[in-house]
């Protein structure tokens, strides 16, 4: 019996010598440094300080819906203004007479019938997407000292070699960002959330492709969204802009409703 304990003690000493605590801490520190370097390279590729200081973005193009990865036939022109950190206006149709307006934690649909708040599940979907966006990851999560950064190595994303980094906040929520190993531009961003009814985990993701320079900033002209690996939406941009002039009532649903011809 005694010899068994001696053998166990010797084994523990050998394991410690191979992986001492100090070495593990050094490995963890090096990994976190690599993750931070990868994210800093992404920010630099996106435009550095100019990208960091943007107040709003504009996108215009066509959007298509999918169900279980197959086209639903629902295709529409769209025009979107996003004012950081928490206001968005999306106008749909050729006449842009249907709008979704997000202001803070409130989301309205605006039509010729007036405004109405969207159902809670749709509101939560939009707020989750905003809370896990690349903008939020960089401006909020990355600046929080409680956020843990993990470099996950290199993966393949749409035939591109990508560096994968995961950010984990104090609430144990996470965002995973995959950036092109050569250009350092974002290729994919994903996050998980637990269904409040069925309690199973879901994964939502966006991929970014066809980058083109807009006012000196690289801009993805193709954006694809996925839910549990099934394509749900795809956008193809025709125009984009940054720090565009905005009217004071841009995100007021009552004003938006009053301007729609009935």
**Prompt:** If you average the sequence gap of Cα pairs under 8 Å that are 6 or more apart and divide by the length of the stretch 89-240, what percent do you get for the contact order?
**Reply:** 10 percent
**Prompt:** Relative to the longest principal axis of the chain, what angle (0 to 90°, nearest 10) does the C-alpha long axis of helix 21-46 take?
**Reply:** 20 degrees
**Complete:** Measuring from the longest principal axis of the C-alpha atoms of the chain, the long axis of helix 2-18 (C-alpha) lies at a number of degrees, nearest 10, equal to 50 degrees
**Complete:** Rounded to 0.05, the calculated FRET efficiency for the beta carbons of residue 60 and residue 31 at R₀ = 51 Å is 0.80
**Item:** Extension gain, residue 70 back to residue 250 (0.36 nm per residue minus Cα-Cα distance, nm)
**Value:** 61.4 nm
**Complete:** Helix 120-131: inclination vs the chain longest Cα principal axis, degrees, rounded to 10, gives 60 degrees
**Asked** Hey, in the GNM for the chain with a 10 angstrom Cα cutoff, which one of 138, 123, 110 fluctuates hardest?
**Response** 123
**Prompt:** Counting each DSSP H run of 4 or more residues in the chain as -39500 (n - 2.57), what helix-only mean residue ellipticity at 222 nm follows after dividing by all residues, to the nearest 500 deg cm²/dmol?
**Reply:** -8000 deg cm²/dmol
**Prompt:** For the stretch 20-258, what is the per residue volume of the convex hull drawn over the alpha-carbon atoms, in cubic angstrom?
**Reply:** 149 Å³
**Complete:** Distance in Å, no decimals, from the C-alpha centre of the stretch 87-104 to the one of the stretch 210-262 is 9 Å
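Every read-out reported here was derived from the displayed coordinates using simple, explicitly stated rules and does not represent laboratory data. The shown structure was predicted, so the numbers you read here are calculated from the model rather than taken from an experiment. Glycine also receives a Cβ, built like all others from the backbone with ideal geometry; neighbour counts cover every protein chain displayed.
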